[in-house]
Structures are given as structure tokens and as C-alpha cells.
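A quick write-up on the structure given underneath.
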Amino acid sequence: MDFKDYKGVWVFIEQKDDQVASVSLELLGAGRKLADKRGVELAGILIGENVKHLTKTVFEYGADTVYLYDQPIFKHYRTESYMKGVLDCSDKHKPEIILFGATSTGKDLASAVATDLPTGLTADTTELDVEEDTGLLLASRPAFGGNIMATILCKKYRPQMATVRSKVMKALEPEPGRAGKIVEETISLKEDDIRTKVLEIVKETVRKVRIDEADIIVAGGKGLGSYEGFQLIHHLAETIGGAVGASRDVVEAGWIDHAHQVGQTGVTVTPKIYFAIGISGAIQHIVGMKNSGLIIAINKDKEAPIFQNCHYGIVGDAFEIVPILIEMFENALSKEKVDIASKG
Amino acid sequence: MLHIVACIKQVPDTKIIKMNPKTNTMDRRTAPAILNPYDAHAVEEAVRLKERYGGTVSVVTMGPPPAVTAIKKCIEIGADEGYLITDRRFAGADTLATSYAVTKAIEKISKEKPVDLIICGKMSIDGDTGQVGPGIARRLDIPPLTSVNKVVELNPDEKYAIVHRKLEDGYEVVRSTLPCLFSVEKTINEVPYSPLPNMLRAARYQPHIWSVDDLEDVDIKQLGLKGSPTIVSKVWAPPKPAGGTFLEGSPREQAEQLLSVVLEKKELFQGKGGM
Ligand SMILES: Cc1cc2nc3c(=O)[nH]c(=O)nc-3n(C[C@H](O)[C@H](O)[C@H](O)COP(=O)(O)OP(=O)(O)OC[C@H]3O[C@@H](n4cnc5c(N)ncnc54)[C@H](O)[C@@H]3O)c2cc1C
Ligand SMILES: Cc1cc2nc3c(=O)[nH]c(=O)nc-3n(C[C@H](O)[C@H](O)[C@H](O)COP(=O)(O)OP(=O)(O)OC[C@H]3O[C@@H](n4cnc5c(N)ncnc54)[C@H](O)[C@@H]3O)c2cc1C
């Protein structure tokens, strides 16, 4: 294997419901930095049916080239068909690095592709860098339940591959009208060659909470003491129009559904404001919220690690502080409403 | 007869693990080895399918000799047979080398009794990658189905399976040919306390133990550290951020200061509260 044949940084562009996944835009931002450091191209690989118009977005967020596989067989994501697309493209155009979002689709696809190539695959990366001269990808990730960080290297194989957590990398400001090169590819794959069929897609009728999209999150921990105590969190969240987050211990106690869990084995969130109330601040929780804009911690233990990870801390009893906050916010926000209303 | 193989891993209990702050390695004494929690669900699902359709459940693991304990745990859940592949030459495997070795074991198992279905856990709680399941499927050239949270139907005669795959906003119903491989979510089932007869059987049970030499057509270069394209180059403790400002005063004063900080982000609150 001659490494000189492998050039360029690629991002697998995940798309669904006619939209590019936000993690893919974040990866274009991260990939741009790697590509610039290496002096190579940044490319997106876009697979789907009727997705050509999405290339515009991919260029605006930083790609120089898009490899496009737009065929009916790619209507639904399926490991075998998408994998064949990525393998075909990699064989033809030989990238040095391919990044995937660490979503269920991205992980599924990357695991299959890496096995067939074969090459190394770093999972759930949270830090990315590249050696300028050798092109060696330095992909770092939490392991052992977040207790350690490890840098994983793949020295002897190309391309180097990694899945990258969402909400960790930053997307570039889109540059309207930025254009690039579209390379259209097709593969000869018949429906009969694919051993899985998507029979139906069922959207859950109750809209699932998406706390990763909220601007404000009020998160509560075991310090609330009981299911009843935890209702205080709901109350504050309602008052200020925020979503409710929780630590794992709260979810395990059954006070709230897993969809609300923030952290390593829950959701990674980056709201503008994050309240951590009665949460000790275990590393597995911190990794899921540390990039929030403004972190406010309320805990009765001054030594709680959460205070190392917040912008403002209040040492005190949640049952004393939070009701005061609710009352003050109610007053302040209703005044805001009047102000805005009177402005017309 | 239906033959299901569940792949399992013995892991340190990361919930109570303590790290040595100097070396950033695990203090193994503080971390008892357990059956990877996700794999308990994989075995449980295999056992339920056996109860529904008849057949046999085998479990297989690559690991050090103490992994026998994890196999016994699976027998308690209701597995019929257990296979441990253990050899120094497996040591240091990344996911690619792990899927290679486990595939070789499954190939040998299926020579005795053809395998219809392989079930893996979603991920391990130590390595935490979720890459081994799809890797095994690719090596055996069978379809990988990840994020499975319900098995609707299994038809060993007509050789197909229908499952639900969890999506972010719902699920999809997928039909696959058999044999295939599932990686299952924890939500697929609940693992009940094991019935006494299973416990008794597990206590006496001796798994099949194979070394590399017992496997067939093995390319030694693809095993263990040598067969692993990825290497762990550096390990460190996650950085500790600087820490914040403590608000002072009575609870009411503190709340007031907090309010003014938060309300600086005024734009977030406009239009809230039914406007
Ligand atoms: C592999 C692995 C994955 C994990 N994933 C996650 C994850 O995704 N998310 C997650 O959150 N955790 C996760 N954890 C668990 C994590 O290690 C902690 O156990 C958990 O976050 C603790 O939850 P807590 O802060 O609510 O509870 P505790 O640690 O019990 O903290 C309660 C806090 O409340 C304070 N308190 C008590 N009473 C009051 C009061 N009246 N007013 C104010 N403060 C009060 C206490 O001082 C204490 O600091 C994971 C662990 C492992 C091993
Ligand atoms: C700090 C650290 C970081 C690592 N990072 C990476 C990385 O980024 N990329 C990489 O390729 N490797 C990595 N590894 C190596 C990886 O942990 C090992 O290859 C491990 O043997 C399998 O991966 P896993 O634990 O992630 O399993 P997963 O892929 O998470 O396991 C999924 C399922 O596969 C089955 N399975 C897993 N292991 C076995 C087994 N031994 N026997 C039978 N069935 C099994 C189980 O059903 C399990 O539920 C890392 C190791 C360490 C110590």
C-alpha cells in the first residue's frame, strides 16, 4: 500500500427527510481544518435518492468536492447498499481520511466499511487532529465509561477512519453561493442483490423529547431526593420555557424517561443555558453538557465536582433556592412579556 | 432446528471502576469482571426466540480464562452451550482483530451445527465502540442489523427475519434473509432473575475451550495486536475545567444575582409563555 496514492479528507454526508444531518455539517467544519493543515481537498460523500440538491449545502459548509451516488436503490439507508457505495468511491478516489457521524447510521456504516477495506476505525471521537507531514490522524475518544481519554492511531492502513460524536465539532458559518465540484458516480446494484428490505418506517406519534435541540435545559439529579422532589425541576423548566434534563441516576430511579438523560450514555447537549441542580457532576455527566453556553450549578455540597465545571455556582439547598428562582422568573418574565407587548 | 449464537464479552464493571490517577490505568481490584450488560439482553433475546421457535442457543466469547464466569452467567439466563476462545495470540485485539477471531470460532461452531442467527449486544461498556457486531456480519457475509429493539418474526424454514430497528424518531420494520446478525438495544427485553434449575446447571457447566490451534484456516497475522490496525497511543485523564464563580449572600440575594446573569440572554425568553 503506497500512502502517496491516498489523498484528501472525506466526510460521509448523512441525510434524512431531505436534510443534511447537523453532525455532517459539524464534521465538514472539523474536516476543513484537517484538510487545510494537510493542504488537500475536503470532500463530502453523499448517497441517497433525489439528493443532488443537497450538494449546495455541503459546499456552503466547506466541501470542495461532493461524490454523489443518487440512485433509487439508496432510497432507504441499508448497510449493504450504502457500504457498497462508500467502498466503490474509496476504491476509485482513495481518500486518506473518512469521517462519519457517531450516529446509529454512521456507526453502522463505518463498522461495515472498515471491515471490508480493511482498515482501523476509531469510535466516538471527541478530538481530532492530523500530523501535517505524515498525515497521521490523531483521533481521541473517551473510554471506560468516560474515566479516561485515549488517542487512537492507525499507522499502517489507509484510509484512516473515525466516527465522531455530534455536538462536539463546530460547523463553519455557511458561505452562501459557495460552489464546488460534483462527481457523479453510480454503482450497478440490483434490488435483488440486497438482502434486507425496509418494509415500513414508523414515526413515533408522541413526539419524542429532543433535549439536544433546546436552548435552555434545566437538569436535575439525585439530590432532588424523590420523584416528587424532581417535579421542582419540571416547574422551573416550564417557567422559563426550558427542556428537562436528568442525570443517569435519576433515570435509573425511574423519575424520568431515558430520553432526558444527559451524558456519556445519554444525549450530548449544547444549550445556551444549562442548569445542573442536585447533580454531583460525575465525568460521565460532564462530557454530555460541558460545551453549553452558560452553566449554572446548584448543589448543597461546596466540594461537588459540578462546581469545577460551571460558570456560576450556588451552594445551597435546591428546595430553598429553586422556589425563589421560580417566583423571581415568573415575575421577571411576565414583565418582559408586557414590555414586548407594549412595543407592539 | 434453529441455532442461535450470542456473542458476549466479559468486562470490568465501569460503574464502580477506580482509575489509578498516576498511570491512568484501571485498578482491576476495584472493578469486578461482569457479563457486559448489553450482552445479557442479547442472550435473553436468543433464549426467548428459542422458547418461541424451538432450537439451541450457544454463546461465544474471546477472552482470558476467567471469562468462563461470564459464560456461566449466560447458562443461567438459559443458553445451552458456551464456547471460550482463549490464547495469548488474541491479546491486544482491536475491533477488527476481535471480529476476525470471533468469526473463526463461529465458523467452527457452525460446522457442527449450522447457525441461523447471531445476536450481539449494542456495545461493550469498556471498549464501548459497538463495532464488533457489524464486523462479524461482514466477515461471514451476512446482513448486519443494528439497533434492533424488537424481533417480530423469525422463519427458519423460509429463511427470513422481520425486526424493528430503532431510529431517532421512531423505528423501521426491516425484513432480512437468514442467517443474519442482530445488535440489540437494551430495551429489547428485560432480563429476569434466573430460574433455579438454570443456576444449578450453570454451576456444573464446563464450556468448550479452544485455543488458536483448535480453530481452522486461521491467518495468525490477523489476530491480536498484530492484526489490529488501530493502536492506543496515549491515555490521559479528561481535563478538568477551571471552575466557576460562587454567588454569595442569602438565598434570595443569590437568586437575584443569578436572575440578572440569566436575563442577559434575554432573546431566549422572548415569545416564551404562550406569546
Ligand atoms: C459507563 C457509565 C456511563 C454513565 N453515563 C452517565 C450519563 O450518561 N449521564 C449521567 O448523568 N451519569 C452517567 N453515569 C453515572 C455517573 O457516574 C453518576 O453516577 C451520575 O451522574 C450521578 O448522578 P447524580 O449527580 O444525579 O447523583 P449523585 O452523584 O448522587 O449526586 C447528587 C448530588 O446532589 C447534591 N444534593 C443532595 N441534596 C441536595 C439538595 N437538597 N439541594 C442541592 N443539592 C443536593 C449532593 O451534594 C450531590 O452532589 C455513568 C456511569 C458510568 C459508569
Ligand atoms: C481505551 C481503549 C480505546 C479503544 N478504542 C478503540 C477504537 O476506537 N477502535 C477499535 O477498533 N478498537 C478500540 N479499542 C479496542 C476494543 O475495545 C477491543 O477490540 C475489544 O476487544 C472489542 O471492542 P468493544 O469492546 O468496543 O466491543 P463492541 O464492539 O462495543 O461490542 C459489541 C458487541 O460485540 C460482541 N463482542 C465484543 N467483544 C467480544 C468478544 N471479545 N467476544 C465475543 N463477542 C464480543 C458483544 O456482543 C458486544 O456486545 C479500544 C480499547 C481501549 C482499551
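Structure notes:
- Ranking by accessible area, most exposed first, for A:Arg165, A:Arg158, B:Arg89 with a 1.4 Å probe: B:Arg89, A:Arg165, A:Arg158
- Heavy-atom accessible area with a 1.4 Å probe sorts B:Asp219, A:Asp124, A:Asp133, A:Asp257, largest first, into A:Asp133, A:Asp257, B:Asp219, A:Asp124.
- Label-point separation in nm, A:Glu228 to A:Ile201, each point 7 Å along Cα→Cβ: 4.6
- Computed on chain A, the Cα convex hull volume stands at 172 Å³ per residue.
- Start at zero, step by 10 Å, and the Cα-Cα distances of chain B spread as 6, 25, 29, 17, 10, 8, 5, 0 percent across the bins.
- Cleavage-rule hits, GluC sites (Glu not before Pro), the range A:122-162, DSSP coil, Cβ neighbours within 10 Å at most 12: A:Glu131, A:Glu132
- Only Cα pairs under 8 Å and 6+ residues apart enter the sum, and on that basis the relative contact order of chain A stands at 14 percent.
- Over 24 Å [Cα-Cα, the range A:211-343], rounded percent: 23
- Close amide H partners of A:Glu14, meaning residues 5 or more places away or on another chain with modelled amide H under 5 Å apart, are A:Ala21, A:Ser24.
- Accessible area per residue, Å², the range B:103-233 with all protein chains present, probe 1.4 Å: 46
- Sorting A:Val322, B:Val68 by accessible area puts them as B:Val68, A:Val322; the probe is 1.4 Å, largest comes first, and only protein heavy atoms count.
- Counting only DSSP H runs of at least 4 residues, each contributing -39500 (n - 2.57), and dividing by the residue count of the protein assembly as shown, the helix-based mean residue ellipticity at 222 nm comes to -9000 deg cm²/dmol.
- A compact globular protein would have a Cα radius of gyration near 2.2 N^0.38 Å; the ratio found for the protein assembly as shown is 1.01.
- Taken over the range A:55-107, the alpha-carbon convex hull comes to 109 cubic angstrom per residue.
- For A:Lys56, a cut-off of 18 angstrom between C-alpha atoms picks up these aspartates and glutamates, skipping any fewer than 8 places away in its own chain: A:Glu14, A:Asp17, A:Asp18, A:Glu26, A:Glu41, A:Asp64, A:Asp70, A:Glu173, A:Glu175, A:Glu184, A:Glu185.
- Loop-resident trypsin sites (Lys or Arg not before Pro) (DSSP state other than H, G, I, E or B) in the range A:28-119 with no more than 10 further Cβ atoms inside 10 Å of their Cβ are absent.
- Alpha carbon Rg of the range A:3-193, scaled by the compact-globule rule 2.2 N^0.38 Å: 0.95
- Checked against a 31 Å cut-off, the cross-linked pairs A:Lys155/A:Lys197; A:Lys197/B:Lys73; A:Lys37/A:Lys167; A:Lys170/A:Lys300; A:Lys222/B:Lys166 give Cα-Cα distances beyond that limit for A:Lys155/A:Lys197; A:Lys197/B:Lys73; A:Lys170/A:Lys300.
- Taking only protein heavy atoms and a 1.4 Å probe, the accessible area of the range A:211-343 is 49% carbon and sulfur.
- The calculated P(r) of the range A:75-162, using every Cα pair and 10 Å bins from 0, goes 17, 48, 29, 6, 0 in percent.
The values are calculated or read from the model by the stated rules, or taken from the named source; none is laboratory data. Just so we're clear, the structure is a prediction, and the values are computed from it rather than from any experiment. Neighbour counts are summed over all protein chains in view; Cβ atoms, including those assigned to glycine, are modelled from backbone coordinates with ideal geometry. Keep in mind that these areas ignore ligands, DNA and RNA; they rest on the heavy atoms of the full protein, side chains included. Shrake-Rupley method; radii C 1.70, N 1.55, O 1.52, S 1.80 Å.
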